[in-house]
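Please read the structure below before turning to the comments.
The values are calculated or read from the model by the stated rules, or taken from the named source; none is laboratory data. It should be emphasised that the depicted structure is a prediction, and the values quoted were computed from it without experimental measurement. Here the Cβ positions follow ideal geometry from the backbone for every residue, glycine too, while neighbour counts run over all protein chains shown.
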Amino acid sequence: MLKVDNIDVYYGAIHAIKGVSIQVAKGEIVTLVGSNGAGKSTTLRTISGLLKPKNGTILFEDNHIEGMSAHKIVGMGLCQVPEGRRVFANMTVMENLELGAYLRSDKDEIAKDLEDVFKKFPRLLERKEQVSGTLSGGEQQMLAMGRALMGRPRLLLLDEPSMGLAPLLVKEIFHIIQEINESGTTVLLVEQNANMALSIADKAYVLETGRIALAGTAKELASSEAVRKAYLGG
Amino acid sequence: MDMGSFLHQFVQQLINGVSLGSIYALIALGYTMIYGIIKLINFAHGDIYMLGAYFGFVATTMLGLSFLPALVFAMAAAAVAGIVIERVAYRPMRNAPRIAILITAIGVSFFLEYGMILIATPQPRTFPAVFDATVYNVAGLVINSQQIVILGSALVLMAALTYIVNHTKAGKAMRAVSFDMDAAQLMGINIDKVISMTFALGSSLAAAAGVLVSIYYNSIDPLMGMMPGMKAFVAAVLGGIGIIPGAMLGGIIMGVVEAMVSGFFSSTFRDAAAFGILILILLYKPSGLLGKNIREKV
């Protein structure tokens with residue numbers, strides 16, 4: 001479904017991503033783990049079109065999307081929940097969700113998806129008319145995910161959904177990610193919380209200073225000595 | 001001055017001030033919207049107001065249109081001008097340092113001013129009286145029908161803008177882009193289109209202000225946009241730059257202060273009062289009357 005092939009990304013003179021290749025097959029949860037500054041978010045931002053790779057190709061459902069504008073990529077069914085949630089804090093929960101469906105005009109289907117989102121995140125329904133800047137971190141994460149789902153993505157990119165959340169909430173969020181995946185959405189998940197990420201993923205990549213250091217099934221990596229030492233706390 | 005004549009003078013200047021202030025508000029809205037979207041103080045915005053006045057002049061004298069069609073024509077033509085200016089001058093600079101695009105805006109301002117001098121000569125022209133000015137005397141207060149038209153048109157336009165921004169899909173997209181450009185793109189919003197639309201809306205409001213003022217003073221010239229442009233900028237800062245209701249409030253306050261200063265002291269102090277406001281606001285509340293202190297992004 002997604003095939004990132006040997007991309008190089010620069011921030012000015014800084015070579016942030018060096019020849020990264022990632023493959024995500026339909027229906028999978030694939031995770032990209034690594035420490036701070038390894039280039040995880042940069043990779044996702046490049047896939048979404050917010051950054052342009054200098055070299056390499058990105059294929060989404062066999063279409064070249066490298067160098068395409070971000071809004072067009074969203075229109076193809078590839079949505080991202082960005083790092084730090086990035087909800088529109090000056091707008092209500094409802095307005096945020098409506099913006100998630102910005103490119104769609106199928107009113108009935110939008111209403112149906114809205115219902116689904118509220119079913120998944122009942123707290124968003126309670127706070128429908130609340131300005132989203134006043135939500136807690138966990139609620140904002142839910143809103144950001146709900147907003148992305150309103151775009152009906154076939155591939156959902158999630159950037160550090162656990163960031164800054166209490167352990168119980170992290171569990172809940174990961175449970176919902178699994179649910180989203182089971183209902184047919186392919187997921188590419190970036191996490192620092194490698195333990196959690198590996199526990200729900202099919203495949204995993206370890207990113208180290210802009211390069212893929214390890215790749216394999218999530219099980220293999222979770223039991224690998226090197227990964228345990230570096231990311232899973234021994 | 002006894003109490004009665006003081007009160008009379010006060011109300012009279014309030015009427016003049018609100019009418020003048022609604023003009024500043026229309027121009028200030030463009031400043032604030034464009035700043036809200038691309039963080040640019042568009043110094044050419046006052047010259048769009050001048051362009052609007054000339055478009056209105058063309059519409060009324062050459063095309064023989066009456067007030068409303070001429071107003072619509074000027075607004076539409078200025079909207080196109082705004083889109084072209086953004087496309088040609090500002091878009092290539094989008095990733096350049098902020099100061100570069102600011103200097104570009106000053107360049108565009110000079111280009112419009114002296115371009116118009118080249119086309120239309122520096123001579124002021126008489127703007128035709130598109131409707132008769134009737135002077136009403138209400139309880140000793142002098143109200144000109146033109147003031148009523150200015151205020152009425154400005155209010156209708158501001159209401160329309162508020163509706164567009166708050167209740168339409170395009171308006172939501174504008175607010176989203178203004179809040180977080182990257183996140184907006186991740187919603188599938190085409191930011192180039194939203195920026196073009198913002199320039200179109202802002203420019204058309206400035207053009208409306210240009211036409212309304214020209215009807216009131218019945219004179220236009222290529223440099224007429226400089227002072228109102230500066231004052232509308234002060235109004236936008238006063239209300240809180242980037243905040244739409246702030247621009248409206250700031251514009252009205254500016255107009256009232258100017259009218260009061262002219263009425264009670266001397267009109268020579270009018271401009272000093274306007275820029276005095278800028279100094280005070282920058283000293284004591286730089287985020288503007290309706291501005292909030294921006295929270296740190298974590």
* To do: For region B:269-281, indicate whether the set of residues that are within 14 Å of another protein chain (Cβ to nearest Cβ) and touching a helix residue (DSSP H, G or I) at 6+ places or on another chain (Cβ under 9 Å) is non-empty.
  => no
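Can you say whether A:GLU225 is surrounded by 14 or more Cβ atoms within 10 Å (Cβ to Cβ) and not hydrophobic (A, V, I, L, M, F, W, C), as far as the supplied structure shows? First the steps, then the outcome.
Values: surrounded by 14 or more Cβ atoms within 10 Å (Cβ to Cβ): no; not hydrophobic (A, V, I, L, M, F, W, C): yes.
So A:GLU225 does not fit the description; no.
From the list B:VAL177, B:VAL165, pick out the single residue that is over 20 Å from A:ALA144 (Cα atoms) and of a type in the set (A, V, I, L, M, F, W, C). Even if it seems obvious, please write down each step before you answer.
Values: B:VAL177 fails: over 20 Å from A:ALA144 (Cα atoms).
Result of the check over B:VAL177, B:VAL165: B:VAL165.
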* If you go through region A:39-53 one residue at a time, do you hit one that is within 13 Å of chain B (Cβ to nearest Cβ), in contact with a Pro (Cβ under 7 Å, 6 or more places away or on another chain), within 30 Å of A:ARG127 (Cα to Cα) and not hydroxyl-bearing (Ser, Thr, Tyr)? -> no
* To do: From A:GLY164, A:GLY137, grab the single residue that is surrounded by fewer than 17 Cβ atoms within 10 Å (Cβ to Cβ) and either on the phi > 0 side of the Ramachandran plot or in contact with a strand residue (DSSP E or B) (Cβ under 7 Å, 6 or more places away or on another chain) (or both).
  => A:GLY164
* Asked: Only one of B:GLY255, B:GLY251, B:GLY242 is in a loop (DSSP other than H, G, I, E, B) and among the small types (Gly, Ala, Ser); which?
  -> B:GLY242
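Considering each residue of region B:135-160, count those that are surrounded by 11 or more Cβ atoms within 10 Å (Cβ to Cβ) and closer than 27 Å to B:PHE6 by Cβ, and give that number.
First, the residues of region B:135-160 that are surrounded by 11 or more Cβ atoms within 10 Å (Cβ to Cβ): B:136, B:141-158, B:160.
Add one more test, that the residue is closer than 27 Å to B:PHE6 by Cβ, and what stays is B:136, B:141-148, B:150-151.
Residues that pass the stated criteria total 11.
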* To do: Please tell me if A:HIS64 is more than 26 Å from A:ALA218 (Cα to Cα), modelled with pLDDT of 95 or more and exposed (fewer than 15 other Cβ atoms within 10 Å of the Cβ).
  => yes
* To do: Please name all residue pairs, on different chains or six or more residues apart, with Cβ atoms under 8 Å, provided the first residue is in region B:171-199 and is within 7 Å of chain A (Cβ to nearest Cβ) and over 23 Å from B:ILE85 (Cβ atoms) and the second residue is among the acidic types (Asp, Glu) and part of a helix (DSSP H, G or I).
  => B:LYS172/A:GLU95; B:LYS172/A:GLU98
* Could you grab me the full set of residues in region A:132-170 that are within 11 Å of chain B (Cβ to nearest Cβ), aliphatic (A, V, I, L, M) and farther than 25 Å from A:ASN195 by Cβ? => A:MET150
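Look through region A:78-121, keep the residues that are among the small types (Gly, Ala, Ser) and out of contact with any Lys or Arg (no Cβ under 7 Å at 6 or more places or on another chain), and return whichever of them is nearest to A:ARG152 (Cα to Cα).
Here is the first cut: in region A:78-121, the ones among the small types (Gly, Ala, Ser) are A:84, A:89, A:100-101, A:105, A:111.
Those still in the list that are out of contact with any Lys or Arg (no Cβ under 7 Å at 6 or more places or on another chain) too: A:84, A:89, A:101, A:105, A:111.
Working: A:GLY84: 21, A:ALA89: 22, A:ALA101: 8, A:SER105: 12, A:ALA111: 12 Å.
Within region A:78-121, the match that is nearest to A:ARG152 (Cα to Cα) is A:ALA101.
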* To do: Test B:ASP132 against the stated conditions and say whether it is surrounded by fewer than 20 Cβ atoms within 10 Å (Cβ to Cβ) and within 14 Å of chain A (Cβ to nearest Cβ).
  => no
* Asked: Do we find a residue being within 27 Å of A:MET163 (Cα to Cα) and exposed (fewer than 15 other Cβ atoms within 10 Å of the Cβ) anywhere in region A:51-61?
  -> yes
* Pull up region A:97-115, narrow it to residues that are of a type outside the set (D, E, K, R) and more than 7 Å from chain B (Cβ to nearest Cβ), then point me to the one that is farthest from A:ASN55 (Cα to Cα). => A:ALA111
* Here is a list of conditions, (1) over 14 Å from the mean Cα position of the chain (by Cα); (2) surrounded by fewer than 23 Cβ atoms within 10 Å (Cβ to Cβ), and A:SER41 meets all of them except one; can you say which number that is? -> (1)
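Can you tell me which residue among A:ILE177, A:ILE173 is free of Cβ contacts under 8 Å to residues at least 60 places away in the same chain and under 15 Å from the mean Cα position of the chain (by Cα)?
A:ILE173
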* Can we say A:GLY146 is over 16 Å from the mean Cα position of the chain (by Cα), in a helix (DSSP H, G or I) and under 29 Å from A:HIS71 (Cβ atoms)? -> no
* To do: Among the residues of region B:170-227, write down those that are farther than 23 Å from B:ALA28 by Cβ and among the basic types (Lys, Arg).
  => B:LYS193
* Asked: Of the residues that sit in region A:85-96 and are surrounded by fewer than 24 Cβ atoms within 10 Å (Cβ to Cβ) and in a helix (DSSP H, G or I), which one is nearest to the other protein chains (Cβ to nearest Cβ)?
  -> A:GLU95
* To do: Only strands (runs of 3 or more DSSP E) wholly contained in region A:158-234 count here; list those with 1 or more residues that are touching a Lys or Arg at 6+ places or on another chain (Cβ under 6 Å) and over 30 Å from A:PHE121 (Cα atoms).
  => A:203-208, A:211-217
